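Here the structure is laid out as structure tokens; the discussion comes afterwards.
The values are calculated or read from the model by the stated rules, or taken from the named source; none is laboratory data. Here the structure is a predicted model, which means the values were calculated and not measured. Virtual Cβ from ideal backbone geometry, glycine too; neighbours counted across all protein chains shown. Quick note on the areas: whole protein, heavy atoms, side chains included, nothing else; ligands and nucleic acids left out. Shrake-Rupley method; radii C 1.70, N 1.55, O 1.52, S 1.80 Å.
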Amino acid sequence: MAFASLFTLLDDIASMLDDVALMTKMAAKKTAGVVGDDLALNANQVTGVNADREIPIVWAVAKGSFINKVILIPVALILAVFAPFLIKPLLMIGGAYLCFEGVEKLLHKFLHRDDASHEIASDTLDSEKDKVRGAIRTDFILSAEIIIIALGVVENASLGVKIAALSAIGIGITIVVYGLVGLIVKADDLGFYLIRQTSRIKQWLGRGIIAFMPWFMRALSVVGTLAMFLVGGGIFTHNVAWLHHFQWHNVWLDTLFTLSVGIIIGAIVCAIVLPLVKLFSKKAH
């Protein structure tokens, strides 16, 4: 009897692990697009700092991302059980914040070009903390969407499978995203290391990496900004019924529409929030 009970328990555990693996694989496929945007955004967020501070900043943001997942997974499970009607509005608030950040970034880029060199030079401890906080806030919105999408995939599974699958997705995505971010920001160090080698092929490869990375980082900055609008706008086009009717089932048209929605929402939020920020800052002074 004891052996029979043990084998039954092991069979149940194996069955549960199979379910977790299957659900995790399905959820990973569904969230792949957002993960790509997450990578572009976070790599963009931690650029522009001194080389010796890049990995500490990536590590600080990665720890913040883990904490985000620890908060979001229980909250998502609780909301799914007790208040599922709140999930969409909360996601849309997060989407509006991403669109706002994107428009604010564009405004800052085009209206404060003269301040760019000053910002690079003033890489103080306070600006580093601000950068980390900003990256963690952005990660929170993207993590929320990833968790909600994954929750939709596992909604019919048992509670144990839901917890295990969401945890696997959260941990796996964080490791992959910030591992790749760390590799991206340290690629130039790899280039300099290869240049110092005796092999001409390695030296040529090192020079190629060093020449390529500035262009890559500029492209990543553009992709990161576009990702803010695409993720934020996508939340609205998928959850607002009348916007959802404008889908043409053409990748380029749908992407352009989602991008336009993100920019418009960001502009509206900026038009409301920025004057209020100025008003309150004047009152504070």
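Structural remarks
- Here the simple spin-label model places points 7 Å from the Cα toward Cβ, and for LYS109 and LEU159 these points are separated by 4.7 nm.
- The apolar share of the surface of the stretch 228-285, taken as the fraction of accessible area on carbon and sulfur atoms (1.4 Å probe, ligands and nucleic acids excluded), comes to 75 percent.
- Qualifying trypsin sites (Lys or Arg not before Pro) for the stretch 167-262 [loop in DSSP, other Cβ within 10 Å: at most 16]: LYS186, ARG196
- Accessible area per residue for the stretch 129-285, computed on protein heavy atoms with a 1.4 Å probe, is 58 Å².
- Nearby lysines by direct alpha-carbon distance to LYS202 (threshold 19 angstrom, same-chain neighbours under 8 apart not counted): LYS186
- Accessible heavy-atom area order of ASP188, ASP254, ASP130, ASP38, highest first, probe of 1.4 Å: ASP130, ASP188, ASP254, ASP38
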